[in-house]
Amino acid sequence: MRRVRLAALGALVLLLALATGLTLTDPLSSDFSLAAPSVGEFPGPSFRHPLGVDALYRDTFARLLHGGAASLLVGTVGALIAMLAGTALGTVAAWSHVRGKGWADRLILRGVDALIAMPYLLIASIAGVLIAPKTPWGLTLVLGLVAATMPVRPVRSDALAALGGPVIRAVECLGSSPPRTLSLHLRRLLRPELVSLFSLMATQMVLAEAALGFLGAGLGPPAATWGRMIHESRALWHTAPLTLLAPAGATFALSLLIHQLGEASSVASLSLKRPPLWLLVPAALLALGFVPPSHELNAPPPRADGILRISARSDVRDFYPPTAHDATSIEVNSLLYDRFFDVSPDGLVSRLALSLTPNETFTRFALTLREGRFHDGREFSAALVKASVERALRLGAQTPVAASLRGLHGLQAFERGDSPEVAGLVVDNDHQLTWLFDAPTPRLGIVLASPQLSPTCTANAAPCGAGPFRFVSRAPGEAIDLVRHTSAPRPTPGNIEQLRIVVGVRPESVLERLTRGELSLARGMASSDAALVLAARGKSLQAQRFGLASVGGLFLNTKHPPFDQRDVRRALSVWLDRERILHGLNPLAIPSGALIPDALLPRSIPNPSVSDAERDQAKATLSAVAPASLTYIVPADSLEEQIAQRVQQRLAEVGWTITIDALSFAAYLDRAGSGAASMGSVGWTYDVPDPLDLMSSALAPPAPGQTRSQNYAYYRSPSFDQHLARCQRFEAPSSALVDCTLALEQEVLSDAPWVVLYERTELMVSGPDLIWPPSLTFPVDWASFQWSERR
Amino acid sequence: MKAFAALLSGVVTILVATALGTALLRALPGDPAELLAGPRASIEQREAVRSSHHLGEPLHLEIAMRLRGALHGAGAGPSIDHRDCYTFLSGKIHSNLGRSPFDPRPVSTAIAQALPVTLRIGAAAWLLQVLLGIGGALLAARVHKTRRFVAYGFTLILCVPGLLIGALLQHALAVRLNLLPLDGTEANAWVLPVLTLGVAGSVLYFRSAFTALQRAHRQPSRVQLAAMGASLGLRFRRVDLPAVGRAVFEFGLVDVAAVASGALITETLFRQPGMGSLASTAISNRDAAMLFGVLLASAAFVVCITHLGDAIRNTMFRGASR
């Protein structure tokens, strides 16, 4: 009894502390002052933040308290829901077995057995994803209802024993009605077992909440639940372990408390004496051993097999260049399918094509091809290249490159199906293809540098092109293996014979894998690791930071209110303070509001700063139209998700309620393309050095719908279209094109279908055994890397 | 009669899983065909999915057709598209669970490739759970001084989130000591998930084995054997072992679904390409087709194992009691 009193007292103290803490702390506000000293490194515990802060500089202690309230709710109310339903079913089944004809018993048992055969966490996750609870109450209901079958069999078993016992027989003889017998006398008899079962259920509920949060099926960001905190701490486990240990330890402590309460109240306890508290000592030591590893960066051990192992965060979505549009697909495809040209400030650089010779009016071009073979062994000929281009053009709006070739002679007849081939593509000989246009097309060189036109052997079959690497195998979600194509038309200098792209590698493990030799080169690492590398540069590892020609921010769906109003979009772009949003997040993301990155178009005048008056005006506009709720889609566990939470905080200041929907990258792409989201994160990497690329490929094509356009903002503007067409008439590169492009950029910024927040750079690290090419751009040309002789 | 009840229960489980998947698909806002084919599928692709999944048919017909697609013979009629089928028994039996918009493989093929990984991890973890559970129970039952220590040790394990056990093991054995790979598919990458799942799931085996041992110690036959001067080994073989074996076996049958639940966490944590990872990816992709397939396959698998176990128990323990 003393233990019950003590445990109850402990629970009371916990509740009081929780209630006090809840009123005094805010789990959502960030302390940006902590981000100042060094980006990416996490400040440890302090007086103001006794458990430190998370990646967004939110107080871990405050989040822990609020998460505790949610976990307690899920544990107690969820278990209560499950117990109420399960006890009712169990007692009815037992009653039916003993007193009735037993059909209800059989029915209930068959149903329960059927449901119990399905893994609880899987069902709970599916329910969590489909119902998408927004509050802890919703999550409680989901977990409670899904668990309702669990207590049925134990309760039935105990009830069967009790119903056959003398007490129930006696009260029945005294005239107790069946409902009274079940609800009063049987309940009293079963109380110890029910309490014990309740504590076990509550413990499992608390753990299930943590598991669901870890899987990303619980409450979404920025909710402060322990499961969510564990999920968000994944990127920091090895550098800031307190972010994991705090919520996981709290989950453990609450589960233990609930369990002890149940054990103390149960006669079935295994050990009725005082628990050996010293057992907690090794557990604490184990947790203390979870300290960050020493910040020494070691070069990876050289591997004798000669395979270049690189990582990619997401898997390849599309192996067909005309329709591939995500960064991983474009990068891997660039190895399998080479392009006709590269573009440099001095003009075209030969890749698969040797030259492109226009006539004076830019309506006729002779494309001379290199000699070599496709991956399937066929000769790299003009006829096969023509067939490849026609396959791409047959996709119409599904590939952005089709819009750039609108003036190709005979294209419309080909698209209508009136002609089996494009009349404007003429095979002169095995290695020369002539392009005929109805109107001057001075930018054909840049179009031919686009990866979407890279020659392919066949459509939608096994990947087959004329790139420096040949496809060998792919295990979805694991790795893609490529081997060097020795008869590729374009000779490449590297001696990398095989390439393995390990997909789905989480950022926090990238650097660790490099130092263990599992990767030959690290990139896309967690921000804390990037900071570590930047600080330790020049030691045994070689590191290089390079401009990706990549911008990121958010799109505003112009179909959805309030973003159908230009003033609101403009006000939002003014109100979002880039410096503040990006402050301390990732050293590789540099605040910028320009659509065309500096790496591509260095400008003499920096971006104009926003005045206080403009910001006040924007605040007034946004406050006046504050919508009920908007959904903001982002790829989960990414810089974009962190940015989304900061945007959410910033917009909360003007009364906007934003719901963040964190999805896998693949699901994010699909959702963005479907037009269902009001807003979402968006990024653009210029895979050709053409300043018009984003405008012509992502903002000019018609709205996505069933096409593969990336006009996620559903942006339409006749003035923009005319302006773009004018720019596309200029030869590239030329100063006239630069002036026209800058003016076009201003027009888009003014219309604000996109709000650009940052320019992205990439950091790559490898051991000394790898010789890098002199310059790096996106997509990285892995074929030009080399192993050093001393391997 | 028992076999019939077991068969009926299995059929009910599969029906419930199918009905649940179908009902959830229908309950969601929007077009189920769009959900299955992905929002950017063309009208033709969407119509193909509608036709192949029998969407728009009455609920009972849709469920029946789904079940038929999930398991049918090579000679099944033209209503089933055999291109997406995974085949067993030299092509005589087919399974078609449709296609996912997020995975290049048909759902049946993805599941068939993932299942062996989960089976390997699950079986090894189950063995570890049983060994740890029985070992702990024997220690607690035999050596009284250790009872409290062992019981509370297991209680602590019960209350620790499984993923924390995994994270600690990963940090200690992979990051710090560099004994094992962090995750992935390398030769011994399965050890960490097995350890995690094995330790986390051992508690309930300990409890059932310990309770069985306590009961066995009070059995008249054991007391009689002790009075007759039978050795400890003989008493253990004659009374304790069958009692523990039966208890662990009974519990193991119920625990198959729990091991599958645990696989969801451990495979995700350690990037093992099993059913758990497949489900976890499908959850983050909001991939209804794959989730439905994994749910159905898990339920079918659990039912098969449970009934196989039932049959073994009926044979083995009936003989033992004689």
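The values are calculated or read from the model by the stated rules, or taken from the named source; none is laboratory data. Keep in mind the model is a prediction, meaning the values are calculated, not measured. No Cβ is skipped: glycine too gets one built from the backbone with ideal geometry, and neighbour counts run over all protein chains shown.
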Hits in region B:257-287 (condition: at the interface with another protein chain (Cβ under 7 Å from one of its Cβ atoms) and in a loop (DSSP other than H, G, I, E, B)): B:ARG271, B:PRO273, B:ARG286
Yes/no for A:GLY227 being buried (at least 23 other Cβ atoms within 10 Å of the Cβ), more than 24 Å from A:THR76 (Cβ to Cβ), in contact with a helix residue (DSSP H, G or I) (Cβ under 7 Å, 6 or more places away or on another chain) and small (Gly, Ala, Ser): no
Evaluation of A:SER750 against (1) of a type in the set (S, T, N, Q); (2) in contact (Cβ under 8 Å) with a residue 40 or more places away in the chain; (3) in a loop (DSSP other than H, G, I, E, B) (one fails), failing number: (3)
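For region B:178-187, check the following and say yes or no: at least one residue is under 28 Å from A:VAL503 (Cβ atoms), touching a Leu at 6+ places or on another chain (Cβ under 6 Å), aliphatic (A, V, I, L, M) and surrounded by fewer than 19 Cβ atoms within 10 Å (Cβ to Cβ).
Filtering region B:178-187 down to residues under 28 Å from A:VAL503 (Cβ atoms) leaves B:178-187.
Still in the list and also touching a Leu at 6+ places or on another chain (Cβ under 6 Å): B:179-180.
Within this subset, residues satisfying the condition of being aliphatic (A, V, I, L, M) are B:179-180.
Those left that are additionally surrounded by fewer than 19 Cβ atoms within 10 Å (Cβ to Cβ): B:179.
The answer is yes; a qualifying residue exists.
Hey, any hits in region A:465-483 for a residue that's in contact (Cβ under 8 Å) with a residue 60 or more places away in the chain, assigned to a loop (DSSP other than H, G, I, E, B) and within 14 Å of chain B (Cβ to nearest Cβ)? Reasoning before the result, please.
Quick first cut of region A:465-483, residues in contact (Cβ under 8 Å) with a residue 60 or more places away in the chain only: A:465-471, A:474, A:476-477, A:480, A:482.
Imposing the further condition that a residue be assigned to a loop (DSSP other than H, G, I, E, B) reduces the set to A:466-468, A:476-477.
Subsequent filtering for residues that are within 14 Å of chain B (Cβ to nearest Cβ) retains A:476-477.
Scanning region A:465-483 turns up at least one residue that is in contact (Cβ under 8 Å) with a residue 60 or more places away in the chain, assigned to a loop (DSSP other than H, G, I, E, B) and within 14 Å of chain B (Cβ to nearest Cβ).
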Any hit, region B:225-241, residues being over 31 Å from the mean Cα position of the chain (by Cα) and hydroxyl-bearing (Ser, Thr, Tyr): yes
Flag if B:VAL223 is facing another protein chain (nearest Cβ under 10 Å) and surrounded by fewer than 20 Cβ atoms within 10 Å (Cβ to Cβ): no
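Taking the conditions exactly as written (within 14 Å of another protein chain (Cβ to nearest Cβ) and modelled with pLDDT under 80), does B:VAL294 satisfy them or not?
No; evaluated as a whole, the condition is false for this residue.
Do we have A:ARG671 as part of a helix (DSSP H, G or I), under 26 Å from A:THR135 (Cα atoms) and within 14 Å of chain B (Cβ to nearest Cβ) here? Steps first, answer last, please.
On the way: part of a helix (DSSP H, G or I): yes; under 26 Å from A:THR135 (Cα atoms): yes; within 14 Å of chain B (Cβ to nearest Cβ): yes.
So A:ARG671 fits the description; yes.
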Residues that are touching a His at 6+ places or on another chain (Cβ under 9 Å) and surrounded by fewer than 17 Cβ atoms within 10 Å (Cβ to Cβ), drawn from region A:390-431: A:ALA423
Any chance A:GLY78 is at pLDDT 80 or above and in contact with a Ser or Thr (Cβ under 6 Å, 6 or more places away or on another chain): yes
A:GLU759 in contact with a Pro (Cβ under 7 Å, 6 or more places away or on another chain) and part of a strand (DSSP E or B): yes
Filtered residue count, region A:738-769, keeping only those that are over 28 Å from the mean Cα position of the chain (by Cα) and of a type in the set (Gly, Ala, Ser): 3
Among (1) within 13 Å of another protein chain (Cβ to nearest Cβ); (2) surrounded by fewer than 19 Cβ atoms within 10 Å (Cβ to Cβ); (3) within 30 Å of A:THR515 (Cα to Cα), the one test that B:ARG120 misses: (1)
Filtered residues of region A:551-592 (kept if of a type in the set (A, V, I, L, M, F, W, C) and touching an Asp or Glu at 6+ places or on another chain (Cβ under 6 Å)): A:VAL551, A:VAL574, A:ILE590
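Residues that are without any contact (Cβ under 8 Å) to a residue 24 or more places away in the chain and more than 14 Å from chain B (Cβ to nearest Cβ): does region A:433-445 have at least one?
At the first step, the residues of region A:433-445 found to be without any contact (Cβ under 8 Å) to a residue 24 or more places away in the chain are none.
No, every residue in region A:433-445 fails to be without any contact (Cβ under 8 Å) to a residue 24 or more places away in the chain and more than 14 Å from chain B (Cβ to nearest Cβ).
Matching residues to (1) modelled with pLDDT under 60; (2) touching a helix residue (DSSP H, G or I) at 6+ places or on another chain (Cβ under 9 Å); (3) more than 10 Å from chain B (Cβ to nearest Cβ); (4) not in a loop (DSSP other than H, G, I, E, B):
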site	(1), (2), (3), (4)
A:PRO275	yes, yes, no, no
A:GLU296	no, yes, yes, no
A:ALA304	no, no, yes, no
A:ILE310	no, yes, yes, yes
A:ARG317	no, yes, no, no
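When you scan region B:24-100 for helices (runs of 4 or more DSSP H) that lie fully inside it, which ones turn up with 2 or more residues that are in contact with a Leu (Cβ under 6 Å, 6 or more places away or on another chain), at pLDDT 70 or above and under 26 Å from A:LEU130 (Cβ atoms)?
Working: elements: B:32-37, B:43-52, B:59-70.
Passing ranges, in order: B:32-37.
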Test: residue in region A:634-649 that is more than 14 Å from chain B (Cβ to nearest Cβ), among the hydroxyl-bearing types (Ser, Thr, Tyr) and out of contact with any His (no Cβ under 7 Å at 6 or more places or on another chain): no
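Evaluate the following for B:SER298: is it assigned to a helix (DSSP H, G or I), crowded, with 21+ Cβ neighbours inside 10 Å, touching a residue at least 24 places away in the same chain (Cβ under 8 Å) and hydroxyl-bearing (Ser, Thr, Tyr)? I'd like the intermediate steps shown before the answer.
On the way: assigned to a helix (DSSP H, G or I): yes; crowded, with 21+ Cβ neighbours inside 10 Å: yes; touching a residue at least 24 places away in the same chain (Cβ under 8 Å): yes; hydroxyl-bearing (Ser, Thr, Tyr): yes.
Yes.
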Residue match in region A:684-703 (condition: more than 21 Å from B:ALA33 (Cβ to Cβ), within 20 Å of the chain's Cα centre (by Cα) and at pLDDT 85 or above): yes
Residues that are in contact with a strand residue (DSSP E or B) (Cβ under 6 Å, 6 or more places away or on another chain) and of a type in the set (A, V, I, L, M, F, W, C), drawn from region A:366-379: A:ALA366, A:LEU367, A:LEU369
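Going by what's in this entry, would A:GLU508 be described as in contact with a Pro (Cβ under 9 Å, 6 or more places away or on another chain), within 14 Å of chain B (Cβ to nearest Cβ) and not hydroxyl-bearing (Ser, Thr, Tyr)?
Values: in contact with a Pro (Cβ under 9 Å, 6 or more places away or on another chain): no; within 14 Å of chain B (Cβ to nearest Cβ): yes; not hydroxyl-bearing (Ser, Thr, Tyr): yes.
No.
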Residue in region B:136-150 that is at the interface with chain A (Cβ under 10 Å from one of its Cβ atoms), in contact with a Ser or Thr (Cβ under 9 Å, 6 or more places away or on another chain), free of Cβ contacts under 8 Å to residues at least 12 places away in the same chain and surrounded by fewer than 20 Cβ atoms within 10 Å (Cβ to Cβ) present: yes
Among the residues listed as B:LEU173, B:LEU156, B:LEU163, the single one being part of a helix (DSSP H, G or I), buried (at least 23 other Cβ atoms within 10 Å of the Cβ) and either facing chain A (nearest Cβ under 7 Å) or free of Cβ contacts under 8 Å to residues at least 60 places away in the same chain (or both): B:LEU163
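Please list, ordered by residue number, the helices (runs of 4 or more DSSP H) wholly in region A:87-180 having 3 or more residues that are within 20 Å of A:LEU200 (Cβ to Cβ) and within 14 Å of chain B (Cβ to nearest Cβ).
Details: elements: A:103-116, A:120-131, A:136-146, A:152-163, A:166-173.
Output list reads A:103-116, A:120-131, A:136-146, A:152-163.
Quick one: in region A:319-348, of everything that is part of a strand (DSSP E or B) and of a type outside the set (Ser, Thr, Tyr), which residue is nearest to A:GLU731 (Cα to Cα)? Don't jump to the end; show me each part of the working.
Step one: list which residues in region A:319-348 are part of a strand (DSSP E or B), which gives A:341-344, A:347-348.
Narrowing the set further to residues that are of a type outside the set (Ser, Thr, Tyr) leaves A:341-343, A:347-348.
Values: A:PHE341: 16, A:ASP342: 16, A:VAL343: 13, A:GLY347: 10, A:LEU348: 12 Å.
So, considering only residues that are part of a strand (DSSP E or B) and of a type outside the set (Ser, Thr, Tyr), the one nearest to A:GLU731 (Cα to Cα) is A:GLY347.
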